[in-house]
1. Hey, could you check the range 275-301 for residues that are more than 16 Å from the chain's Cα centre (by Cα) and small (Gly, Ala, Ser) and say which is nearest to PRO230 (Cα to Cα)?
2. Could you identify the single residue in ALA172, ALA242 that is assigned to a loop (DSSP other than H, G, I, E, B) and over 17 Å from PHE265 (Cβ atoms)?
3. Could you grab the pairs with beta carbons closer than 8 Å, sequence gap of 6+ or different chains, first residue in the range 263-292 and without any contact (Cβ under 8 Å) to a residue 24 or more places away in the chain and closer than 18 Å to LEU240 by Cα, second one assigned to a strand (DSSP E or B) and of a type in the set (A, V, I, L, M)?
4. In the list LYS354, LYS296, LYS301, LYS311, which residue meets the criterion of being modelled with pLDDT under 90 and of a type outside the set (A, V, I, L, M, F, W, C)?
5. Only one of (1) within 21 Å of ILE261 (Cα to Cα); (2) touching a Leu at 6+ places or on another chain (Cβ under 8 Å); (3) among the hydrophobic types (A, V, I, L, M, F, W, C) is not met by VAL223, so which one is it?
6. Check the range 226-234 and report whether any residue there is surrounded by fewer than 16 Cβ atoms within 10 Å (Cβ to Cβ), assigned to a helix (DSSP H, G or I) and of a type in the set (S, T, N, Q).
7. Could you list, in sequence order, all residues of the range 245-260 that are touching a strand residue (DSSP E or B) at 6+ places or on another chain (Cβ under 6 Å), not in a helix (DSSP H, G or I) and not small (Gly, Ala, Ser)?
8. Given the conditions (1) exposed (fewer than 10 other Cβ atoms within 10 Å of the Cβ); (2) at pLDDT 75 or above, and given that ALA321 satisfies all but one, which numbered condition is not satisfied?
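The values are calculated or read from the model by the stated rules, or taken from the named source; none is laboratory data. Predicted model, so just to flag it, every value in this text is computed and none were measured. In this analysis, Cβ positions are derived from the backbone assuming ideal geometry, glycine residues included, and neighbour counts consider all displayed protein chains.
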Amino acid sequence: MRLLTILRLMLLSLLLALGSGSHVLAQGAYQQQPQQRQGYRDPRAYPPGYYPGKLVQPAQPQPQQGFSLRRFFGVPDDPPPPARAPVAKPRKAPAPAVAARPEKPKVDPSTYVVVFGDSLAEFARQGLEAGYAENQDVAIVGKIRNGSNIVRSDPSEWPNFIKATLDSGQKATIAVVMLGLSDRQSLQEGEDRVELRSDRWKDLYTQRIDGIMRTFKERNIPVVWIGLPPMKSSRLSEDLLAMNAVYQESVQRNGGAYVDIFPGFVDDENRYTSFGPDVDGEPARLRTDDGVSFTKAGARKIAYFADVEIKKILESAGTGAPAAATTPDGQPANIEAAIPAPPDPAVPVVLPAKPIVGPVLPLTRQDVTPGGTLVSSPPKLTGDSAYPVQRALRNGVAPSSRPGRADDFRWPRS
């Protein structure tokens, strides 16, 4: 009887333990289930006094309260899991230091190109400076006087300005002049006014250009004179063309080089245009909206025309060959020395080896005429083939087919 009572008590204890364990397991499952949901946390897990944004320390494991079957049979509880060490965030590698560009060593230039003139000469200076930006052996110096002219000023004003510039220590290998934009006005001769483009006006104006050229000639400085470009106003362009003729005659007579840039800024019909091919042959805007000034591409094109003459002067100055000795009657001093000796038959003649590959011809090179000037307009169509070419390429009218040619689509074939 007592054994039966003990067995009943043990069975009751076992049932109570199983019920308490299931309650604990259910409570633990309920506490872990919300953690599996992303962005959800059981409100009962927050400590008292919590509010959003407050930093909460992680809860420490607490011993379980109530009846435990493991403790009833003397089995110790499992030790709490070790706390995870905080994971250190990887530090960002410092950005690599930007290496400073090595400065180009300054070289004392051996060639000084001094640009004289008015506001248009400033564009020539900018173009030359861009063209020689990589060449440290050439220095571009600007001596610009905006708004100045030759007509209204004293005839000796520009020669005196050039002398003062050169006497002040300014080195000048070549002088580039672009002047005359404000000279479209009458000349004062004593008490009389001489009208623009008259014969007397041209004579007086030529004398003033000669005075400028003589200033450079006295100092043995070669001159490259850049002519005036076309303007948006047709009447203004006509006056500038007449002035360019005066420049060309005076400059060439005094041993200078005249550069005519007028054809480089007109269209096929010889009229002013704001657009045209640049120095690379690509269509570009060359003039600004005022019809007088130039863009960067236009300034670079002015400089290209002048640079052709500048390079000719530099090459002729550095490659001068001595003349052969002659007799008073113009014959060579030693006739026999002038005639080459016949080859020795005992010595074999060795011909130079023929190269495997010929010279490289770039497809993007600048097109120039035989004289070395820049091609500013497409070639003119002349001759018997001019009409069909113009009719097909400009008017868009296809030429008529001929019997037996590939474009003859008549059927049946004849």
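1. GLY291
2. Result: ALA172 is the single residue among ALA172, ALA242 that is assigned to a loop (DSSP other than H, G, I, E, B) and over 17 Å from PHE265 (Cβ atoms).
3. THR273/VAL266
4. Working: LYS296 fails: modelled with pLDDT under 90; LYS301 fails: modelled with pLDDT under 90; LYS311 fails: modelled with pLDDT under 90.
Every option except LYS354 fails the conditions.
5. (2)
6. Yes, the range 226-234 contains a residue that is surrounded by fewer than 16 Cβ atoms within 10 Å (Cβ to Cβ), assigned to a helix (DSSP H, G or I) and of a type in the set (S, T, N, Q).
7. Scanning the range 245-260 gives TYR258, VAL259.
8. Result: ALA321 passes all but (2).
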